[in-house]
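Everything on this sheet refers to the single structure shown next.
Quick note: the coordinates plus some simple rules give every number you see, no bench work behind them. The shown structure was predicted, so the numbers you read here are calculated from the model rather than taken from an experiment. Because the Cβ atoms are built from the backbone with ideal geometry, glycine has one as well, and the counts that use them run over all protein chains shown.
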Amino acid sequence: MEINLKRPLAIFDLETTGLNITTDRIIEVCILKVHPDKTEEMKTLRINPEMPIPAESMRFHGINDEDVKDAPTFKMVAKDLATFLTNCDLAGYNALKFDIPLLMEEFLRCEIDFDIRKRKIVDVQNIFMKMEPRTLKGAYKFFCNSDLVDAHSAEADTKATYEILLSQLDRYNGTEYQDRNGIVSTPIINDINALHDFSSQQRTADLAGQIIYNNQNQEVFHFGKHKGKTVEEVFAKEPSYYDWMMKGEFPLYTKKLITQIKLRTFGKNVVG
């Protein structure tokens, strides 16, 4: 089955120095851009992370310091990447929890405001885990009936992710799904908006899942002592919580969001 697109869909995968979206860095990125007319563009880049690559990460993806020592830094390629992703919806495997938050951190360090609010995001892993909970290698075997060669290289994983998504459209077309509230639907349809809705685990406001939207579309904390409370309520009653978060090891995008909320609620004069 071919996927229905109204604008380009950028399927991407990152290889990184580790799994901490705040402190780790990208060392390889691959983007497969699929246009509405089904033409494709592939971009794969090695990136110098400007920090040592830990041994445990090297064992995972096979990229070492020598491999990236002459590669450009992210700052050197950031504008080109942002331009390549202009007007694209996004897709990836575990993209909502890891790849997109980490990519946003890298863009923000370069002072590039990569706005994702009007983009649809399809997380192939969330569709997969809801329908058939397995790993990417297992997913490829299950959906494509083949072994994934060169697993954990960005290009192989990116191509596999796209093939899995196409197979999911075929396999689950018309299949019923019952959610935790007992509501039955047939969510897998050939539509990016529907895939975005179904593959989202929850309506996150800050990408990292520290702040989510409640049923009233208000931003609420999803961690710590104020879990479940609105950000506006907490900042009104405990202004120091904003300062604590801004000084803490929270992602830059989270800090940007809470600053926007505070500005929106209390005005410029109280932020600083």
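Tabulated data
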| quantity | calculated |
| --- | --- |
| Whole-angstrom gap from the stretch 86-152 to the stretch 190-268, using each part's C-alpha centre | 21 |
| Gyration tensor (alpha-carbon) shape descriptor, the stretch 211-270, a/c threshold 1.5 | rounded |
| Spin-label pair Ile189/Asp67, simplified geometry with 7 Å Cα→Cβ offset, distance in nm | 4.2 |
| Within straight-line cross-link reach of Lys137, aspartates and glutamates at Cα separation under 20 Å, skipping those fewer than 8 residues along the same chain | Asp13, Glu15, Glu28, Glu56, Asp99, Asp123, Asp147, Asp150, Glu155, Asp157, Glu163, Asp170 |
| Cut-off under 5 Å, modelled amide H: who pairs with Ile211 long-range | Ala205, Asp206, His222 |
| Listed residues Val124, Val234, Val29, most fluctuating in the chain (Gaussian network, C-alpha, under 10 Å) | Val234 |
| Axial C-alpha extent at least 24 Å, average Kyte-Doolittle at least -0.5 - helices from the chain (DSSP) | 154-171 |
| GluC sites (Glu not before Pro) within the stretch 13-74: DSSP coil, no more than 15 neighbouring Cβ in 10 Å | Glu50 |
